[in-house]
1. Taking only pairs six or more apart or across chains, which ones have beta-carbon atoms under 8 Å, a first residue in region 125-141 that is touching a residue at least 12 places away in the same chain (Cβ under 8 Å) and over 23 Å from ASN54 (Cβ atoms), and a second residue that is part of a loop (DSSP other than H, G, I, E, B) and aromatic (Phe, Trp, Tyr)?
2. Just for region 401-444: of the residues that are modelled with pLDDT of 85 or more and over 18 Å from MET224 (Cα atoms), which one is surrounded by the most Cβ atoms within 10 Å (Cβ to Cβ)?
3. Restricting attention to region 273-295, report how many residues are buried (at least 17 other Cβ atoms within 10 Å of the Cβ) and without any contact (Cβ under 8 Å) to a residue 40 or more places away in the chain.
4. Tell me, which strands (runs of 3 or more DSSP E) lie completely within region 1-87 with 2 or more residues that are within 30 Å of the chain's Cα centre (by Cα) and not hydroxyl-bearing (Ser, Thr, Tyr)?
5. How many residues, within region 213-252, are among the aliphatic types (A, V, I, L, M) and not in a helix (DSSP H, G or I)?
6. Within region 253-272, is even one residue in a loop (DSSP other than H, G, I, E, B), more than 16 Å from LEU215 (Cβ to Cβ) and free of Cβ contacts under 8 Å to residues at least 12 places away in the same chain?
7. In region 1-42, which residues are among the aliphatic types (A, V, I, L, M), within 24 Å of SER70 (Cβ to Cβ) and either outside the structural domain of LYS122 (by TED's automatic domain parsing) or at pLDDT below 95 (or both)?
8. Within region 334-381, track down each residue that is surrounded by fewer than 18 Cβ atoms within 10 Å (Cβ to Cβ) and at pLDDT below 90.
Amino acid sequence: MIIVKEEKGTLGTYYGIYLNEVKIKKVFIQRIKQALDKKEYVLLLNSHGIVIENVFKYINFSYYLNTINSKEVAGNALKILFSYSEIIDKEIKDFNKNDVQNLSEFILGISVTGNNSEFKLKTSRSNNTHNIYFNIIRKYLEYTGINNKNFFEKVVVSKSGIGFFAHTKEIALSKYKVNKSSFSIDKNIVPKYIKNEEYNNIINLLNKEKTLNSLRDKIIINLMYARGLRLGEVLGITFEDIKVNKDDSRAGILYIRNRVSDKKYQMAKTCYKPKSKAEYKTRIYNEKDFGYQTVILPPNITKDISDYRELSRDIENLSIKKTENILNESVADSVENENNNFYLFLNKNGAPLSSAGWNKRLKIIFDFIGINIDTQNKKNNLSHRFRHGFAMFLIKNEGKSIEYVQKQMRHKSISSTLIYYNPEEKDILKETLKISQNMRRRLE
């Protein structure tokens, strides 16, 4: 029997292949991170120490991967893929269904004993990591033109219970057959969100202050609560991203997109991230819903933005130092022309408002209004509660369909929207009492 053992060496993990307790082969795929001309590259070496060229191209030049962290994760996923390919001595393009299933167990770290072989693995991985790795592998296969349908086989599953009861509506969803269910104890819990009453209290507070910063804060909160923007999307807004709405000149259209000049906290999560200014003219960057997204702005937000832009750049009422900071530090790349462009939201010194600065301000507002900050759980905290509140307002107050909410939230997958349709305990009680009362009326 052949035994495959996961082993540790000075340079990392490798796999020893044994026959009758004699090592006959060593599979050692190395993932290396190397800097060149101030850029970091990730590459894989096969067991013979040769760079795997297609992997190098995919990791470092694919538009899917934009940060060094994402490149390293891709390197980890492909390291496992190529390790398994060498272990079973088969080209990836020739993997059959059993090979893909066995690769799945290999990624999870499941030690399996078969008729002719036994795997003794030490590293275990979560279902979520497993799915991320397979997603990377599928993208790699697409990038390199490797046609193997066994990696892409899908099954149809259903997700029910869109209303307060499971029979209300059923939505059919498909998933990759090899993907695993990602269980989470928070899976069926609606995330913390700003309720409409809390939102109104915050806006009333800011309206009373009547300062430039309170106007800025009101715009930011309205963009997140009334239009569902993420904080990074808000902080990355520049002058040229705001357009007049052709159907109503009082309203506006906001373009959400990334720039090379953006800081990490100014990034739009679901838009393409350009690596150089030259990409501003490419088809990918200018493709709607991939390179950029648009959001309609109602007249009140459009007017507030116009007022803030004018007041925050009123040179006659600004110090020389603050004016210099605005002109030097708040400059943003122009992606449309050669005109000067600036980030919209500023801190007290005239530099672009950062996420740290905004969070500090928001904590003060929450504390004044009496909203629990929940410092022990950052996942449910602060700015993203407004976006969650936008979704819940559409559902609970407006009675909008899941498809409508998905579009407004700009979710790529409807499964991301489903979480908002899980009722809270008090809502279940309210519905139960309502049904009970209706039943009694019919009996009378």
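The values are calculated or read from the model by the stated rules, or taken from the named source; none is laboratory data. Remember, it's a predicted structure, so these values are computed and weren't measured experimentally. Reconstructed Cβ throughout: ideal geometry from the backbone, glycine too, with neighbour counts over all protein chains shown.
1. ASN127/PHE183
2. Restricting to residues being modelled with pLDDT of 85 or more and over 18 Å from MET224 (Cα atoms), the top hit is ILE402.
3. Number satisfying all stated conditions: 4.
4. Per the criteria, 30-36, 39-45.
5. Residues that pass the stated criteria total 6.
6. Taking every residue of region 253-272 in turn, none turns out to be in a loop (DSSP other than H, G, I, E, B), more than 16 Å from LEU215 (Cβ to Cβ) and free of Cβ contacts under 8 Å to residues at least 12 places away in the same chain.
7. LEU11, ILE32, ALA35, LEU36, VAL42
8. Scanning region 334-381 gives ASN337, GLU338, ASN339, ASN372, ILE373, ASP374, THR375, GLN376, ASN377, LYS378, LYS379, ASN380.
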